[in-house]
Amino acid sequence: ATFIMMKPTIVNLLFAAILLVGLARERLFLKTIFAEAFDLEDEGWSKLTLRFGLFFVFLAGVNEIVWRTQSEDVWTSFKVFGILPITLAFMYLQGRLVERYTRPKS
């Protein structure tokens, strides 16, 4: 049971590490994945990558707090009904950044 509750922390920290280490090495992995969906300037990709990297660290921290301080039932409810809305809200809030750095259509 402990590993199952720790798994989201591990996965989120792994995602954060991939994005942040990639950013430090000037590898924009989000650009590689989402280039077909969004045409952003590199500065926009860099900022989006930093924000997502830090967001994954945040999610890992919240998961740690919840599973270490709450019952297994509360953690399960948080995992099922809390993480998705938090993630969707975060993504929605990135809309202005995406708009700002979207390249004009030719």
Full-extension gain in nm, residue 21 to residue 58, via 0.36 nm per residue minus C-alpha separation: 11.7 nm
Difference of contour (0.36 nm per residue) and Cα-Cα distance, residue 105 to residue 2: 32.1 nm
Computed FRET value (nearest 0.05) for residue 65 with residue 42, which takes r as the C-beta separation and R₀ as 41 Å: 0.75
Helix 2-24 axis, angle to the chain major axis (alpha carbon atoms, nearest 10°): 20 degrees
Crossing angle, helix 42-69 versus the chain [Cα axis fit, 0-90 degrees, rounded to tens]: 0 degrees
Low-density loop cleavage sites - GluC sites (Glu not before Pro) in the stretch 36-106, where at most 11 other Cβ are within 10 Å (DSSP): 36
Dimensions in Å of the chain - Rg and Dmax from alpha carbons: 15.8, 55
Amide N of the stretch 58-82 lying under 15 Å from the label point, which is placed 7 angstrom from the Cα of residue 92 along Cα→Cβ: 82
Reachable aspartates and glutamates, given that their alpha-carbon falls under 15 Å from the alpha-carbon of residue 7 and they are not under 8 places away in the same chain: 64, 72
Residues of the chain: accessible area per residue with a 1.4 Å probe, Å²: 70 Å²
Cα centroid separation - the stretch 13-36 against the stretch 68-106, whole Å: 18 Å
Degrees between helix 83-93 axis and first principal axis of the chain (Cα, 0 to 90, nearest 10): 20 degrees
Proximal lysines relative to residue 47, as straight alpha-carbon distance under 24 Å, when same-chain residues fewer than 8 apart are discounted: 31, 105
Packing-based order for 57-63, 82-88, using average beta carbon neighbours within 10 Å, highest first: 57-63, 82-88
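The values are calculated or read from the model by the stated rules, or taken from the named source; none is laboratory data. Not measured: the values here are computed from a predicted model. Note that we place each Cβ from the backbone using ideal geometry, even for glycine, and neighbour counts take in every protein chain shown. Note: accessible area is taken over every heavy atom of the protein model, side chains too, but ligands, DNA and RNA are not part of it. Shrake-Rupley method; radii C 1.70, N 1.55, O 1.52, S 1.80 Å.
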